[in-house]
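A.B. asks: The structure's right below; bear with me while I get my questions together.
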Amino acid sequence: MNGLELPADNVVSLLANEGRDYCLAHGLVMGSKDSFFGVEHAPFTLLPTAFLERLFTKAKDVQKDFNVLVHRVSQDHEFLKTALQSTIEVDSFTAKIFDIYETTRTEGLSQPISLGILRSDYMMDCSNPRTSNLLQDEISIKQVEINTIASSFGGLSPQLRKLHKFLTTLQTGYDPKTEERLPKNSSCLGIATGLVDAWTYYGNENSVVLMVVQGGERNRFDQRWVQHLMAEVNPAVRMVRKSFKDINRTGQLQEDKTLIVDGQEIAVVYFREGLECAANAGKIASYQVSISCTSPGRHKEGSTSVSFPWCPGKVLYVNPIYCKFISDKEVVNKIRSTFTGLYTLDEGLEGDKTMQLAIADPDRYVLKPQLEGGGNNIYGDDIVKTEGDEILVNREVGHLMRTKSIDHQDGGVCSGRANLDSPYLV
């Protein structure tokens with residue numbers, strides 16, 4: 001793949017200094033590790049990374065199909081129950097969420113409308129990795145996971161294109177062709193617009209949007225971008241930020257299941273925290289009349305156990321149960337082409353075979369627990385050790401690119417193992 005030429009060492013130093021100042025001047029920042037009120041630039045690459053345009057276009061084109069699939073699967077109780085049955089017996093995290101889901105179904109949903117802010121994560125895959133001279137046809141994208149709650153960097157991502165446009169112009173001079181290869185990104189605007197739309201559907205102009213955050217959040221400026229842009233989309237919409245501790249202390253659920261926090265009626269709950277507080281997130285998503293950016297069904301629909309029946313080894317949609325999710329064969333094939341291998345660890349012959357394969361060649365596999373968020377996956381030798389049916393709005397709104405060194409297996413930006421990046425389409 002042909003990307004931008006690497007700059008000379010003296011130019012690298014110049015670009016690094018210019019890039020740091022650009023980040024600080026334009027809000028591409030994170031909270032400091034040493035002081036809550038201090039800031040530092042977000043990790044970034046000096047240049048955008050070459051990425052095949054056909055694969056980028058494919059990821060964007062299939063996103064709305066995945067949105068539909070996630071929504072419909074989250075509404076199918078029998079499918080979720082069957083897919084999660086063996087996991088519930090051994091995993092307390094999954095069991096807790098599913099118990100809330102079952103209770104919700106018994107008592108009845110208070111709010112039929114939900115908002116899905118979904119991020120589908122992909123990695124580039126090559127069918128012939130032993131070859132140094134890769135052909136374009138040997139490269140594809142494979143879906144790693146779908147994030148259904150608290151996915152980050154939608155706010156900062158659009159700033160990366162502006163940063164890389166600035167840095168590439170410094171390096172090589174202005175070239176309109178270079179700018180064309182940096183795709184526009186409206187992820188922040190898309191999230192903000194979705195929150196405003198949900199607030200509008202709720203129908204009370206005196207209500208507010210609640211963002212659930214964790215204390216001492218270093219990535220709060222990514223969240224602030226969404227909040228501030230939401231105010232530009234519709235100045236009448238107000239957002240408040242509260243932790244689960246705040247909600248438990250000042251929150252009240254009225255008899256009609258209206259959620260009141262600090263005396264304010266909550267129209268929309270936007271989770272930017274909740275991975276480790278699954279029960280709290282599930283209860284908020286289920287038991288109130290506010291519109292939530294997740295639900296217990298959708299939360300667990302993104303889990304490994306539910307994803308497993310989608311993979312090619314299970315022959316997606318041959319079983320009649322899948323036909324009610326998506327009947328268009330062309331769409332089915334488009335979705336299936338993004339799947340990588342996904343193997344069960346359930347008791348039985350299939351699970352035993354998976355364990356033997358992983359133990360024999362652990363570097364070829366990743367062990368994924370029933371948890372979301374970074375840092376939970378297990379790699380290499382460590383494997384051996386260890387709601388309403390109608391879709392009101394469906395949009396694909398932008399992208400996020402993260403680049404890590406080959407020396408790191410997990411690519412977390414906040415943990416310092418990856419950088420924010422932009423695709424340079426080739």
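The values are calculated or read from the model by the stated rules, or taken from the named source; none is laboratory data. Note that this is a predicted model, so its numbers are computed, not measured. Cβ: placed from backbone, ideal geometry, glycine included. Neighbour counts: every protein chain shown.
A.B. asks: Do any residues in the stretch 404-420 that are under 13 Å from residue 40 (Cβ atoms) have Cβ atoms under 8 Å from those of residues that are in a loop (DSSP other than H, G, I, E, B) and at pLDDT below 70, where the two are at least six apart or on different chains, and which pairs are they?
C.D. replies: 414/374
A.B. asks: Further, regarding this structure: Being touching a Leu at 6+ places or on another chain (Cβ under 8 Å) and more than 30 Å from residue 82 (Cβ to Cβ) narrows it down to one of 163, 135, so name that one.
C.D. replies: Being touching a Leu at 6+ places or on another chain (Cβ under 8 Å) and more than 30 Å from residue 82 (Cβ to Cβ) holds for just one of 163, 135, which is 163.
A.B. asks: Restricting to the stretch 145-186, count the residues that are outside any helix (DSSP H, G or I), in contact with a Lys or Arg (Cβ under 9 Å, 6 or more places away or on another chain) and surrounded by 13 or more Cβ atoms within 10 Å (Cβ to Cβ).
C.D. replies: Final tally of qualifying residues: 14.
A.B. asks: Here is a further query. One residue is enough: does the stretch 119-140 have a residue meeting the conditions under 28 Å from residue 259 (Cα atoms) and either in contact with a Gly (Cβ under 8 Å, 6 or more places away or on another chain) or in a helix (DSSP H, G or I) (or both)?
C.D. replies: Yes, because at least one residue in the stretch 119-140 is under 28 Å from residue 259 (Cα atoms) and either in contact with a Gly (Cβ under 8 Å, 6 or more places away or on another chain) or in a helix (DSSP H, G or I) (or both).
A.B. asks: May I pose another question? Tell me, yes or no, whether the stretch 31-49 has at least one residue that is surrounded by 14 or more Cβ atoms within 10 Å (Cβ to Cβ), over 25 Å from residue 123 (Cα atoms) and over 25 Å from the mean Cα position of the chain (by Cα).
C.D. replies: no
A.B. asks: So which helices (runs of 4 or more DSSP H) are wholly in the stretch 325-426 and hold at least 3 residues that are at pLDDT 80 or above and of a type outside the set (Gly, Ala, Ser)?
C.D. replies: Because the criterion is at least 3 residues that are at pLDDT 80 or above and of a type outside the set (Gly, Ala, Ser), the helices (runs of 4 or more DSSP H) in the stretch 325-426 that meet it are 329-336.
A.B. asks: Considering 226, 233, 268, which residue is within 20 Å of residue 111 (Cα to Cα) and of a type in the set (A, V, I, L, M, F, W, C)?
C.D. replies: When all the criteria are applied, what remains is 268.
A.B. asks: Is it fair to say residue 196 is more than 23 Å from residue 36 (Cβ to Cβ), outside any helix (DSSP H, G or I) and not acidic (Asp, Glu)?
C.D. replies: no
A.B. asks: Spot the failing condition for residue 56; the list is (1) closer than 28 Å to residue 172 by Cβ; (2) over 19 Å from the mean Cα position of the chain (by Cα), and only one is missed.
C.D. replies: (2)
A.B. asks: Name the pairs whose Cβ atoms lie under 8 Å apart, with the first residue in the stretch 150-172 and more than 22 Å from residue 273 (Cβ to Cβ), the second of a type in the set (Gly, Ala, Ser) and at pLDDT below 95, and 6 or more positions between them or separate chains?
C.D. replies: Once the first residue is more than 22 Å from residue 273 (Cβ to Cβ) and sits in the stretch 150-172, its partners that are of a type in the set (Gly, Ala, Ser) and at pLDDT below 95 give 158/398; 160/422; 161/422; 163/422; 164/422.
A.B. asks: Only residues in the stretch 329-350 that are of a type in the set (Val, Ile, Thr) count as the first member; pair them with residues that are assigned to a helix (DSSP H, G or I) and at pLDDT 85 or above, Cβ under 8 angstrom, at least 6 apart or cross-chain, and list the lot.
C.D. replies: 331/65; 335/62; 335/65; 335/66; 335/69; 338/58; 338/59; 338/62
A.B. asks: How many of the residues making up the stretch 250-279 are surrounded by fewer than 17 Cβ atoms within 10 Å (Cβ to Cβ), outside any strand (DSSP E or B) and either modelled with pLDDT of 90 or more or touching a Gly at 6+ places or on another chain (Cβ under 9 Å) (or both)?
C.D. replies: 4
A.B. asks: When you check residue 60 against the structure, is it charged (D, E, K, R), surrounded by fewer than 16 Cβ atoms within 10 Å (Cβ to Cβ) and under 23 Å from residue 117 (Cβ atoms), yes or no?
C.D. replies: It is true that residue 60 is charged (D, E, K, R), surrounded by fewer than 16 Cβ atoms within 10 Å (Cβ to Cβ) and under 23 Å from residue 117 (Cβ atoms).
A.B. asks: With respect to residue 98, determine if the residue is under 23 Å from the mean Cα position of the chain (by Cα), part of a loop (DSSP other than H, G, I, E, B) and either at pLDDT 80 or above or crowded, with 17+ Cβ neighbours inside 10 Å (or both).
C.D. replies: no
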